[in-house]
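Please read the structure below before turning to the comments.
The values are calculated or read from the model by the stated rules, or taken from the named source; none is laboratory data. Note that the structure is predicted; figures quoted are calculated from it, not measured. Here Cβ is always computed from backbone atoms with ideal geometry, including for glycine, and neighbour counts include all displayed protein chains. Note: accessible area is taken over every heavy atom of the protein model, side chains too, but ligands, DNA and RNA are not part of it. Shrake-Rupley method; radii C 1.70, N 1.55, O 1.52, S 1.80 Å.
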Amino acid sequence: MAIDYHSSFNSGELSAKMDGRSDLDVYRNGCRFLENFYVLPQGGVESRTGTKFISKTKGDVSAGDTAVRMIPFIFSADASYACEFGEGYIRVWVDDDNYVDATGTVPYSASDVDLITFDQRFDLLFLAHPDHPTQTLSRTSVTPTFVIAETEFEYPPFLEENDDSEITITVRHEDWVTATDYYIGGYVYHIDAHYVCKLDHTSGVFATDLAANWTIVPEDEVVFEADDPVNITASKDLFTNEQDGSYLRLRHPLSETKRVTQGILTSDTQTSDVLYLGTDPIHYKITNATADRGRTSTSILESNSQADFAGTAGNYVSFGSSGVKKGDYTPTQAYVRVRKTNGTAKTSFELNRQTNRSVIDSFLTTTDGTTDPLDVSFSNWKVVTDGTWLGTVEVERSTDDGLTWDTFVVIGDTIGLSKEANFSYSSPSKEGETTFVRVKFSRKPTNNATMEINITNQSSYTEGILKLDTYGSATTYTATVQNRISSGGATMLWSEGAFSARRGYARATRFHQDRLWLAGSDFDTATVYGSVTGDYYNFIAGAESDLGIKRVIDTSEEIKWLVGKKYLFSGTSGGAIQITSADNKENITADNIQTNPQSVFGASDIQGVLANDVIIYPQRNNLKLREMIYNWEEENFRSNDITILNDDILTSGVKELFLQKQPDQVVWCVKEN
């Protein structure tokens, strides 16, 4: 009797539904029952390896009493760990006998861990969950030690900007309080106005303190520095108590100058209104006319420690000839005025504050020096020189709100030339938060000509970001300033952070083309956000190719996960979306992106895995596994059912996937039972 030997079992275990299909090669390469064996890539089988009991999980009340999730942390082939996620804890297994507990607050309960999606970049494991803020698990030393913390974004993703002119937001400093120490330059809010402190003091009664210690400040000239605690007010019901810890972006229009006073003086000793400036710089334009008899009008810009100018005199600038005089002036005393000193001809004046401006004009004449700084946070900028001069021009840049300065670029050096030249320089990309620029000029000793420097913030608006702290009411919230805000005026130009307890959090994360991608909140189900290239905590958008990306994909289905290699794919409840550049040759940018639905089945919440060039994921009901593979005839990706030969194998459903790479590549499924 002939004996039919089976030498290949590549088809694995076949279900009874395959009975009678002896016409298929897969039938002849399969078997009815295969238990405790591995199918080898070559077709044969071998006994499975044994298992080793390491430890019970930490549990909640007692060891092993709650479900956990094991997530890999692979820094390199020589440094890999297994992370045990359980009820409010993360235990990182270093080897079979040793583990370390991650420090920090773990927000996940045992019922949360199955919905975590993750991706890793070097020592950082980013964790996304629809009910919790994005977290970062960091390896902080090679010992090793691990820390988990909420991911802090320099510039987080935001929803679309408000377009309802009736809903405005106003930022205010904290209210004035009695028996409190206040210092020069500090701001308070009292009744209906902002005030700036003129003198260090301990507050008593505001009405008594006002004359000596405080000066009222127009709303659009109030400054809020990073880390300032503030109160925000909406003109209509806007807030809920689910926004603690979320972000709010405000924009205010920039102007070339903030004029504080102007006028005409016509007689000797006549003075302008007295201004309180503290030590804030101003830009002046003084015009001395010439009388019919040739007597020239003269004038002086001066400062004093008292409003009546009976106190200590400060520095001054005198104008002793006719014509137009422009320049910058930083008073050494708090009060400033213009005083006419001679002549019957008119003296006209304009004084412009240097705050919340888009332009700095500086005139450097006989000495080396630097211009006033210009706030260019989240903006592009440009420097232009004019005049006849010989020297070196450097742009200095500060990224810590003006505390320290570094040379950013030398835009011109004419010291070795015999002929003057002028220069223009534009920033290579948008700046980050709390960024200022200024120009430093070093003059050739033998050259005394005038140089004019123009620095322009090329944005039409100044941006500020707040982190919401404590809910007050539907119209009020306390907050902390994240970067400098240069106006306290009401603005309709505000945007909510994309992720919060109110709007839901990102349920998917992925690193792709050196960007961090986030997607899939309850409110914004089909929007993907890509960070600035190489700057994973910065999602600022703009025209430059390396800036952040926001894209609504071509479906209304909820994004479940992100997986990618050459292309980025989002698994949704209705299918999969390919996210790629329009020409497939360049990297994805905000202006070069397309999102194409693929001919695949809907995905479940379980994160897919990338095996070679194939994405393997559970179908929406978790009863089938599918592989997403390219179909050259249709020029599209399709998903094949890789459990079709035995659809009984996953009848209890899949709970988790894990890819084993060595010694042979195997996709392991943790089943619900």
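Given the criteria of a type in the set (Val, Ile, Thr), open to solvent by less than 20 Å² (accessible area, probe 1.4 Å) and over 16 Å from SER495 (Cα atoms), does THR145 qualify?
On the way: of a type in the set (Val, Ile, Thr): yes; open to solvent by less than 20 Å² (accessible area, probe 1.4 Å): no; over 16 Å from SER495 (Cα atoms): yes.
No, not satisfied.
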### Task
Select from segment 550-577 the residues that are touching a Phe, Trp or Tyr at 6+ places or on another chain (Cβ under 8 Å) and more than 14 Å from ALA519 (Cβ to Cβ) and list them in ascending order.
GLY575
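Is it the case that LEU159 is farther than 30 Å from PHE122 by Cβ and at pLDDT below 95? Steps first, answer last, please.
On the way: farther than 30 Å from PHE122 by Cβ: yes; at pLDDT below 95: no.
So LEU159 fails the test.
Going through segment 397-414 one residue at a time, which ones are not in a strand (DSSP E or B) and not charged (D, E, K, R)?
In the first step, residues of segment 397-414 are kept if they are not in a strand (DSSP E or B); the result is 399-405, 414.
Correct list: THR399, GLY402, LEU403, THR404, TRP405, THR414.
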### Query
Wholly within segment 415-504, which strands (runs of 3 or more DSSP E) include no fewer than the required count, namely at least 1 residues that are open to solvent by 30 Å² or more (accessible area, probe 1.4 Å) and either at pLDDT 85 or above or of a type in the set (D, E, K, R) (or both)?
424-426, 436-443, 451-457, 461-473, 476-481
### Message
Checking the structure you have, find out if any residue of segment 516-524 is surrounded by fewer than 23 Cβ atoms within 10 Å (Cβ to Cβ), in a strand (DSSP E or B), in contact with a strand residue (DSSP E or B) (Cβ under 8 Å, 6 or more places away or on another chain) and in contact (Cβ under 8 Å) with a residue 60 or more places away in the chain.
### Response
no
### Query
Can you pull out the residues in segment 311-334 that are open to solvent by 30 Å² or more (accessible area, probe 1.4 Å) and among the hydroxyl-bearing types (Ser, Thr, Tyr)?
THR312, TYR316, SER318, SER321, SER322, THR330, THR332
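In segment 632-650, which residues are part of a strand (DSSP E or B) and either closer than 20 Å to ASP664 by Cα or open to solvent by 40 Å² or more (accessible area, probe 1.4 Å) (or both)? Break it down stepwise before answering.
Initially, segment 632-650 is screened for residues part of a strand (DSSP E or B), giving 636-641.
Across segment 632-650, the qualifying residues are ARG638, ASN640.
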### Message
Take residues that are within 21 Å of LEU275 (Cα to Cα) and under 30 Å from the mean Cα position of the chain (by Cα) and tell me which of the strands (runs of 3 or more DSSP E) falling wholly in segment 140-219 contain 3 or more.
### Response
187-190
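Residues are listed down the side, and each one gets a yes or a no for (1) open to solvent by 20 Å² or more (accessible area, probe 1.4 Å); (2) over 25 Å from SER531 (Cβ atoms):
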| residue | (1), (2) |
| --- | --- |
| ALA79 | no, yes |
| CYS83 | no, no |
| TYR89 | no, yes |
| GLY104 | yes, no |
| PRO107 | yes, no |
| THR117 | no, no |
| ALA128 | no, no |
| THR134 | no, no |
### Task
Being open to solvent by 50 Å² or more (accessible area, probe 1.4 Å), under 27 Å from GLY185 (Cα atoms) and in a loop (DSSP other than H, G, I, E, B) is the filter here, so list the residues in segment 224-238 that pass it.
GLU225, ASP227
### Message
If ARG69 satisfies all but one of (1) under 30 Å from ASP524 (Cα atoms); (2) at pLDDT below 95; (3) open to solvent by 40 Å² or more (accessible area, probe 1.4 Å), what's the number of the condition it fails?
### Response
(3)
#### Entry: Selected residue [under 30 Å from ILE540 (Cα atoms) and either touching a Gly at 6+ places or on another chain (Cβ under 9 Å) or of a type in the set (D, E, K, R) (or both)] from THR151, THR134, THR140, THR105
THR105
### Query
Out of all the residues in segment 40-56, is one or more among the hydroxyl-bearing types (Ser, Thr, Tyr), touching a Lys or Arg at 6+ places or on another chain (Cβ under 7 Å) and either closer than 30 Å to VAL92 by Cβ or loosely packed, with under 13 Cβ neighbours inside 10 Å (or both)?
no
### Task
Mind listing whichever residues of segment 22-59 are in a loop (DSSP other than H, G, I, E, B) and charged (D, E, K, R)?
ASP23, ARG32, GLU35, ARG48, LYS52, LYS56, LYS58
### Query
For segment 585-613, what are the residues that are over 26 Å from the mean Cα position of the chain (by Cα) and either farther than 21 Å from THR555 by Cβ or of a type in the set (Val, Ile, Thr) (or both)?
LYS585, VAL600, ILE606, VAL609, LEU610, ALA611, ASN612, ASP613
### Message
Yes or no: segment 528-545 includes at least one residue that is open to solvent by less than 30 Å² (accessible area, probe 1.4 Å) and over 21 Å from the mean Cα position of the chain (by Cα).
### Response
no
### Message
Among the residues of segment 598-613, what is the count of those that are surrounded by fewer than 18 Cβ atoms within 10 Å (Cβ to Cβ) and of a type in the set (A, V, I, L, M)?
### Response
3
#### Entry: Residues satisfying the stated conditions in segment 563-614, i.e. without any contact (Cβ under 8 Å) to a residue 24 or more places away in the chain, part of a loop (DSSP other than H, G, I, E, B) and over 17 Å from ARG510 (Cβ atoms)
ALA582, ASP583, ASN584, LYS585, GLU586
